[in-house]
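Working notes, structure below.
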Amino acid sequence: MNYGNLIRAARKSRKWTLQQMADELHNLGVDIDTGNLSRIETNKQGASNEVLDGILRAFGISIDDLLSQAANLPSEANVTPGPDIKGYCPVISWVQAGEWSEIVDIYSPGVAEEWLPCPGPHSPNTFVLRVAGESMYDPSGQRSFKEGDLIFVDPERHANNGSLVVVRLEDHTEATFKQLVIEGGQKYLKALNPSWPNRIIPINGNATICGVVSYKVEVV
């Protein structure tokens with residue numbers, strides 16, 4: 001079940017309106033409006049650590065209590081099942097992604113401003129990126145990523161031919177998102193957008209794979 005649904009169910013069980021919850025959070029020093037709360041409840045945006053902690057404090061419960069309460073709510077609470085959440089992953093920048101192999105050992109909860117629920121199994125070091133640009137957008141392909149979509153990147157997943165990877169290239173401060181192509185012992189990075197200039201570039205020792213994309217969340 002998605003955590004947004006859990007928050008909504010817990011609010012409904014207390015017979016709070018969104019405005020009442022916003023007021024409770026304001027009293028706790030958390031500045032958020034009803035529009036953002038609604039988007040969190042409908043899983044259209046994630047909640048920062050501060051907001052999620054404030055919501056739990058407003059309810060006077062822990063995250064385990066929230067899960068337990070939601071499991072015991074009657075059907076009329078209007079709770080709908082979502083993906084089987086396997087934990088939360090930090091949303092980071094493309095610069096941080098490029099440095100991930102160096103900072104992963106010191107990365108800890110609280111460093112990221114936003115954490116999102118992951119829809120499936122993943123390693124503890126999995127992170128989330130917001131897709132930037134149109135290089136991976138293929139309107140006619142089965143695999144397509146538009147700007148703003150969210151990708152979950154697992155550094156411990158092995159990259160094979162055809163894998164979608166986040167890569168740091170030498171002399172670049174930011175990571176890049178491409179498809180890995182391995183042919184005849186040579187490795188290439190391929191943009192999925194058929195109209196992208198320099199769509200395929202060869203890589204040798206000038207690239208470090210930071211992780212393999214395991215899940216995608218489309219932004220409507």
How much of the accessible area of the stretch 143-215, probe 1.4 Å, is carbon plus sulfur, in whole percent?
-> 45
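After finding the eigenvalues of the alpha carbon gyration tensor for the stretch 174-220, what semi-axes result from the square roots of 5 times each, listed largest first in whole Å?
Values: eigenvalues 86, 43, 22 Å².
With the √(5λ) rule applied to the stretch 174-220, the semi-axes are 21, 15, 10 Å.
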Normalise the Cα radius of gyration of the stretch 125-172 by 2.2 N^0.38 Å (N = residues in it) and let me know the number.
-> 1.24
Scalar couplings 3J(HN,Hα) for the stretch 6-21 by Karplus 6.51 cos²θ - 1.76 cosθ + 1.60 (θ = phi - 60°), nearest whole Hz, x for Gly and Pro, are 5, 5, 4, 4, 5, 5, 4, 5, 8, 6, 8, 7, 4, 5, 5, 5
Of all the C-alpha pairs in the stretch 129-210, what % are more than 16 Å from each other?
-> 51
For 171, 33, 149, write out the residues from largest to smallest accessible area, computed with a 1.4 angstrom probe and no ligands counted.
-> 171, 33, 149
What are the ³J(HN,Hα) values, in whole Hz, obtained from phi via the Karplus relation 6.51 cos²θ - 1.76 cosθ + 1.60 with θ = phi - 60°, for each residue of the stretch 169-177 in sequence order, with x given for Gly and Pro?
-> 9, 4, 6, 10, 7, 10, 7, 9, 10
Given charges of +1 on the Cβ of Lys and Arg and -1 on the Cβ of Asp and Glu, with all other atoms neutral, how large is the dipole of the stretch 135-220 about its Cα centre, in debye to the nearest 20?
-> 220
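The values are calculated or read from the model by the stated rules, or taken from the named source; none is laboratory data. All values derive from a computational prediction rather than experimental measurement. Please note: Cβ atoms are built from the backbone with ideal geometry, for glycine as well, and neighbour counts cover all protein chains shown. These area figures cover heavy atoms from the full protein model, side chains too; ligands, DNA and RNA do not enter into them. Shrake-Rupley method; radii C 1.70, N 1.55, O 1.52, S 1.80 Å.
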